[in-house]
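**Q** Okay, here's the structure, questions in a sec.
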Amino acid sequence: MNFKEILELIDKVSERGIAELEIEQAGTKLRIQGKPSQPQVIHSYVGELPRDTTLSLPAPASGATLAAKTEEEEESDSGLHIITAPIVGTFYRAPNPESEPFVTIGDHVNKGKVLCIVEAMKLMNEIESDIDGEIVKIYPQNGQPVEYGEKLFAVRT
Amino acid sequence: MISKVLIANRGEIALRVILACKEMGLKTVAVHSEADRDALHVRYADEDVCIGPAPSRQSYLNISSIIAAAEITGADAIHPGYGFLAENPHFAEIAGECQLTFIGPSPEAMRLMGDKAKAREMAKNAGIPILPGSEGLVKTHAEALDISRAIGFPVILKAAAGGGGRGMRICGSDADLAGAFDTARSEAERAFGSADVYVEKYLERPRHIEIQIFGDTQGRIVSLGERECTIQRRHQKLIEESPSPAVSQDLRKQMGEAAIRLCEAVRYVNAGTIEFLFQDGEFYFMEMNTRIQVEHPVTEEVTGIDLVKEQIRVASGLPLSVPHGDFRLRGHAMEFRINAEDPVTFAPHAGRIREFHVPGGPGVRVDTAVYRDYVISPHYDSLIAKLVVRGKNREETIVRSRRALDLFIIEGVKTSIPLDRAILDDQRFIRGDISTRFMEEFEW
């Protein structure tokens, strides 16, 4: 690893708001600590609110993990409309195993078009698109369990 | 047999169930709302599923999401904890229909005992003393007035579906009753979806003493002694202890037998609590709670029985592991509820915990699911920890509790610790001379 590469890494770390990066390569160990990033910003925002507030606040710590977890995806999802699972269940791309999937990548969909099924308690819940656009990403595999709020589709509008 | 348990709850009780499962070698599934992603029960469970947004109605009370979470993770049993869906017979029924073992009583027993007017009737039929009052529900103000005059004021109006102090009105005279009857009905309607109320004689200075019972599928029902829960504010318990300073071994036996009779009448299985009011040497049935209770550790400490593990055993169809024969409580235990609230006004206090240090040493147990930097959400209950202290007798327990509370440090939010601590210096509390009016009369 040469000096230029290290500089590039430092740039990437600060750019992406990564808290800490550790790399070990051919006997060289490198650790870059980033600046306090997004999570801390959220924290201080909470701190400024009146103490006795009974507003519904998202737990800042939760925001922190969320931010960390989806950092990479966020980058490629920017500008895309994300459709998330409204319920917990099993994700199916087609009405039954023999049928064609409701949608595939590249399809143009209109608002109200059924995109998939999330099965919960033997009930087949059809999930509709809430927007017009092109399907550019399908996150879960067919038959995969999904939790509430999990990303299902990315739509380019 | 049970191999993977989904815990349909949050906070310290969810963690408590996970600990029991770990000791039994069972896998665990945590469910959580979006606000609880960083909760300890999520971290410590083997698997976790987000079941909805922060408001309980859309997450911890969302039956279909919870059942779906059990299905996608392959859980074969559900522990409901306390609160949320714990006493919802419909939830227990659906779990059963989905081939999930509900770790608790049958939906039928829950339904019978959940209706307070019906439970009162059952207690009466089982020969258990009840407070004088109406036979079942009272429909009109005139009817309530007749009964109240017959049994003598003061009386209390209670919602049949009630709990937690809502839908209750104390009436000292004809005039009070005239004003309170409609309010109690509409409050009950709003809070529980049923306006049904009944009338009972109101005791001026009672103690609240409850009996822990446990039944198994073989039909054995045991009593595990009492808990004194007299120290309450706004009908919510603050300090619990066992044994009660007011209960002799003889009285314990009588109350235990009464509780068992009632449970036999509904063929009760799993953990349950029979609450009694106690005044002037007499006890009266008040209600039954068909779940594990917040204050269960007090009983665990003086019986040596892990009640949550016992719940899972019994739900698997195994017999109770409680030894047969004469039963005695050993030592003394107290539980102090640590709520995130103003100790004077009792207003809940959400926010970030900046410092958190729990006491230790002999006889000290802390059940909690919070930690430093944890953010207390305004969406849920304000209970953040339970300090449980055990000693060889009541005196030692009080002294030990004082030093434990003194070393319990929570910064960033207001808590009930200063109040718990102050009560331990109160002469009436030290003497054990208390009634449910204690907090009204308590001075700092």
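The values are calculated or read from the model by the stated rules, or taken from the named source; none is laboratory data. Quantities reported herein were computed from a predicted structural model and do not represent experimental measurements. In this analysis, Cβ positions are derived from the backbone assuming ideal geometry, glycine residues included, and neighbour counts consider all displayed protein chains.
**Q** Here are B:Val5, B:Val42: which of them is touching a residue at least 12 places away in the same chain (Cβ under 8 Å), in contact with an Asp or Glu (Cβ under 7 Å, 6 or more places away or on another chain) and among the aliphatic types (A, V, I, L, M)?
**A** Going through B:Val5, B:Val42 in turn, the sole match is B:Val42.
**Q** So is B:Ala69 over 16 Å from B:His379 (Cα atoms) and at the interface with another protein chain (Cβ under 8 Å from one of its Cβ atoms) or not?
**A** Yes: the conditions hold for B:Ala69.
**Q** Mind checking whether some residue in the stretch B:142-153 is surrounded by 14 or more Cβ atoms within 10 Å (Cβ to Cβ), acidic (Asp, Glu), modelled with pLDDT of 90 or more and closer than 30 Å to B:Ser223 by Cα?
**A** no
**Q** Please verify whether B:Met255 is part of a helix (DSSP H, G or I) and among the hydrophobic types (A, V, I, L, M, F, W, C), treating the condition exactly as stated.
**A** yes
**Q** Right, something else. Collect the residues in the stretch B:424-444 that are under 29 Å from B:Met286 (Cβ atoms), among the hydrophobic types (A, V, I, L, M, F, W, C) and either part of a loop (DSSP other than H, G, I, E, B) or out of contact with any Ser or Thr (no Cβ under 8 Å at 6 or more places or on another chain) (or both), keeping them in residue-number order.
**A** B:Leu424, B:Phe429, B:Ile430, B:Ile434, B:Met439, B:Phe442
**Q** Now for a separate question. Do we find a residue being touching a Lys or Arg at 6+ places or on another chain (Cβ under 9 Å), within 27 Å of B:His32 (Cβ to Cβ), within 14 Å of another protein chain (Cβ to nearest Cβ) and in a loop (DSSP other than H, G, I, E, B) anywhere in the stretch A:108-119?
**A** no
**Q** Now for a different question. Condition test on B:Arg421, is it part of a helix (DSSP H, G or I), surrounded by fewer than 18 Cβ atoms within 10 Å (Cβ to Cβ) and either more than 14 Å from chain A (Cβ to nearest Cβ) or in contact (Cβ under 8 Å) with a residue 24 or more places away in the chain (or both)?
**A** yes
Yes/no matrix, rows are residues, columns are (1) in contact with a Lys or Arg (Cβ under 7 Å, 6 or more places away or on another chain); (2) at negative phi; (3) more than 14 Å from every other protein chain (Cβ to nearest Cβ):
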{"position": "A:Ala85", "(1), (2), (3)": "no, yes, no"}
{"position": "A:Thr90", "(1), (2), (3)": "no, yes, no"}
{"position": "A:Ala94", "(1), (2), (3)": "no, yes, yes"}
{"position": "A:Pro101", "(1), (2), (3)": "yes, yes, yes"}
{"position": "A:Lys122", "(1), (2), (3)": "no, no, no"}
{"position": "A:Asp132", "(1), (2), (3)": "yes, yes, yes"}
{"position": "A:Ile135", "(1), (2), (3)": "no, yes, yes"}
{"position": "A:Gly143", "(1), (2), (3)": "no, no, no"}
{"position": "A:Val146", "(1), (2), (3)": "no, yes, no"}
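**Q** Limited to the stretch B:322-375, what total is found for residues that are farther than 22 Å from B:Asp306 by Cα, away from chain A (no Cβ under 12 Å) and modelled with pLDDT under 95?
**A** Count: 3.
**Q** Right, B:Val344: surrounded by fewer than 20 Cβ atoms within 10 Å (Cβ to Cβ), over 20 Å from the mean Cα position of the chain (by Cα) and aliphatic (A, V, I, L, M) or not?
**A** In short, yes.
**Q** Right, another one. Name the single residue, out of those in the stretch B:252-306 being small (Gly, Ala, Ser) and either buried (at least 22 other Cβ atoms within 10 Å of the Cβ) or in contact (Cβ under 8 Å) with a residue 40 or more places away in the chain (or both), that is nearest to B:Gly114 (Cα to Cα).
**A** Among residues in the stretch B:252-306 that are small (Gly, Ala, Ser) and either buried (at least 22 other Cβ atoms within 10 Å of the Cβ) or in contact (Cβ under 8 Å) with a residue 40 or more places away in the chain (or both), the one nearest to B:Gly114 (Cα to Cα) is B:Gly272.
**Q** Does the stretch B:203-224 hold any residues that are closer than 30 Å to B:Phe442 by Cα and surrounded by fewer than 23 Cβ atoms within 10 Å (Cβ to Cβ), and which are they?
**A** B:Leu203, B:Glu204, B:Arg205, B:Pro206, B:His208
**Q** Looking at this structure, is B:Met334 in contact with a helix residue (DSSP H, G or I) (Cβ under 6 Å, 6 or more places away or on another chain) and hydrophobic (A, V, I, L, M, F, W, C)?
**A** Against the criterion (in contact with a helix residue (DSSP H, G or I) (Cβ under 6 Å, 6 or more places away or on another chain) and hydrophobic (A, V, I, L, M, F, W, C)), B:Met334 qualifies.
**Q** Scan the stretch A:120-157 residue by residue and report those that are more than 15 Å from the chain's Cα centre (by Cα), assigned to a strand (DSSP E or B) and not hydrophobic (A, V, I, L, M, F, W, C).
**A** A:Asn125, A:Glu126, A:Glu128, A:Gly133, A:Glu134, A:Pro145, A:Arg156
**Q** Can you tell me which residue in the stretch B:30-46 is surrounded by the most Cβ atoms within 10 Å (Cβ to Cβ), limited to those that are farther than 17 Å from A:Ala85 by Cβ and within 12 Å of chain A (Cβ to nearest Cβ)?
**A** Selected residue: B:Ala30.
**Q** Output the qualifying pairs, or none if there are none: Cβ atoms under 9 angstrom, residues six or more apart or on different chains, first residue in the stretch A:2-16 and in contact (Cβ under 8 Å) with a residue 40 or more places away in the chain, second residue among the acidic types (Asp, Glu) and not in a helix (DSSP H, G or I).
**A** none
**Q** Suppose we filter B:Ala95, B:Ala123 for residues that are touching a residue at least 24 places away in the same chain (Cβ under 8 Å), within 14 Å of chain A (Cβ to nearest Cβ) and under 30 Å from B:Ala259 (Cβ atoms); which single one remains?
**A** B:Ala95
**Q** Scan (1) touching a strand residue (DSSP E or B) at 6+ places or on another chain (Cβ under 6 Å); (2) buried (at least 18 other Cβ atoms within 10 Å of the Cβ) for the single condition B:Pro132 breaks and write down its number.
**A** (2)
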